[in-house]
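FYI, it's all coordinate maths here, none of it is from the lab. Given the structure is predicted, the values throughout are model-derived calculations rather than measurements. Counting neighbours? That spans all protein chains shown, and the Cβs are built from the backbone with ideal geometry, glycine included.
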Amino acid sequence: MQTPLLTYTLRLADNALVLGHRLSEWCGHGPMLEEDLALANMALDCIGQARNFYTYAGEIEGKGRSEDDLAYLRDCDAFRNILLVERPRGDFAFTILRQFLYAAFMHPYFERLSASKDERLAAIAAKTVKEMAYHLRHSAEWVIRLGDGTEESAARLQEALADLWPFTGEMFEVDETERALIEAGVAFDPAGIRPLWLDTVDRVFADALISRPGDGWMQTGGRRGEHSEHLGHLLADLQFMQRAYPGSTW
Amino acid sequence: MAGIVYLREPVDERLTRARIAAASVCDPEVPVLTIEDLGVLRDVRLAGEAVEVVITPTYSGCPAMDMISLQVDLALEKAGFAARKVTLSLSPAWTTDWMTEAGKEKLRAYGIAPPVGRAKGRGALFGVDEIPCPHCGSAETERVSEFGSTACKALWRCRACREPFDYFKCI
Ligand SMILES: [Zn+2]
């Protein structure tokens with residue numbers, strides 16, 4: 001049985017790790033050198049954030065599991081990331097739009113979490129918020145460039161939006177586990193930043209000449225460990241070395 | 001032998017020596033800067049018998065931190081400290097405001113534009129910075145990419161002298 005604080009910290013860690021891995025898949029495949037570097041840098045930020053959260057999760061659990069144990073030796077159903085971040089990387093429009101939707105949420109979220117009563121979460125959040133500011137700015141600029149670009153770039157962006165939108169609802173979900181932490185001043189209620197998130201999205205979409213889909217049915221499950229088959233494929237790639245050669249080090 | 005001498009050393013002199021040793025360590029990615037210039041060196045203190053050096057990462061995923069920890073440890077060992085400890089601290093979060101003026105000057109001389117202005121909150125988010133070229137000083141510059149050769153740098157280009165340059169981001 002996991003304590004609420006452990007579950008919550010793992011959710012934050014798993015989001016960062018899985019998204020970081022998706023971004024890292026672009027390394028060497030970016031549409032141009034500058035963008036290749038940018039995607040790799042954003043991947044590095046996310047993986048660094050994941051390391052901080054995993055290290056803390058291991059300490060909360062108190063069973064001696066390290067950041068590596070938590071990243072490399074848990075199975076799919078133990079992961080608590082939202083489904084948005086495990087979607088396959090798609091084309092560049094898809095990757096950039098996902099990063100934008102995520103960063104537009106995570107930037108204000110971590111800003112508020114940096115006032116958490118849990119000092120360690122507050123410290124990690126304060127570090128993370130600065131990085132998310134860059135992810136937000138960079139991805140927003142690309143969303144505008146693609147949307148207001150060629151017919152093809154606009155079409156691909158609009159298509160990516162239709163694919164991604166049903167996965168945005170999960171960012172705002174709160175369950176009993178998290179409700180208790182919110183009341184204790186440890187976690188932060190994401191409902192509070194929904195207006196701000198929508199405002200950021202609408203302002204950037206207006207410049208990108210694309211429109212936001214209506215709020216229909218939203219996908220859910222990742223935060224409870226119910227994942228798509230895509231996470232399994234991702235973990236097979238991510239965890240292969242440690243599974244094949246347990247305890248191997250560089 | 002040396003260790004015995006140092007144990008009798010007054011505490012503040014020990015700490016001063018430890019600080020000098022730790023402060024001599026350079027950033028592996030920006031080798032003209034010491035970790036003191038960067039503001040990565042946060043504290044040098046006693047932890048029981050050991051000398052403890054506290055450092056903070058610039059970015060969460062900064063791959064240089066392991067190397068810096070190792071080099072601080074080696075520098076302390078070389079200075080004769082048998083009992084030593086290097087601690088990583090996340091809070092308060094590192095900011096470019098901690099970079100020393102001497103550090104900024106060294107960066108410029110090295111060809112990297114130092115961070116401009118002070119790290120601020122949301123205001124900086126969508127703002128456009130004006131970064132003078134570290135080569136010719138011209139203000140006629142443009143950003144090529146938000147992300148450069150390392151997480152802490154962005155890629156810029158000078159329209160006057162046509163040279164590309166790294167800009168140390170303000171965070
Ligand atoms: Zn110039």
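At-a-glance table
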item	result
Spin-label pair B:R162/A:H230, simplified geometry with 7 Å Cα→Cβ offset, distance in nm	4.5 nm
Straight-distance crosslink candidates among lysines, where the alpha carbon sits under 17 Å from A:K117 and sequence neighbours closer than 8 are dropped	A:K127
Those aspartates and glutamates that a straight Cα-Cα span of less than 16 Å connects to A:K63, excepting residues fewer than 8 apart in one chain	none
Two-decimal log10 I(q)/I(0) for chain B, as the Debye equation yields it once each C-alpha is a single scatterer, q = 0.08, 0.17 Å⁻¹	-0.30, -0.99
GNM top mover of B:T96, B:T56, B:T16 - chain B, alpha-carbon springs below 10 Å	B:T16
Translational diffusion of region A:110-247, µm² s⁻¹ [Kirkwood Rh, Cα pairs; Stokes-Einstein; 20 °C; 1.002 mPa s]	120 µm²/s
Choice from B:I35, B:I112, B:I20 showing the highest fluctuation, given a GNM over chain B with Cα pairs closer than 10 Å	B:I20
Cα centroid separation, region A:214-250 to region A:58-123 (Å)	12 Å
The protein assembly as shown: C-alpha gyration tensor shape, a/c 1.5 cut-off, then a/b vs b/c	oblate
Directionally averaged shadow of chain A, computed from the convex hull of its alpha-carbon atoms, nm²	13.3 nm²
Along chain B, longest interval not containing exposed GluC sites (Glu not before Pro), exposed being DSSP loop plus at most 14 other Cβ atoms within 10 Å	B:50-129
Cβ-placed point charges (K, R +1; D, E -1), dipole of chain A about Cα centre in debye, nearest 20	480 debye
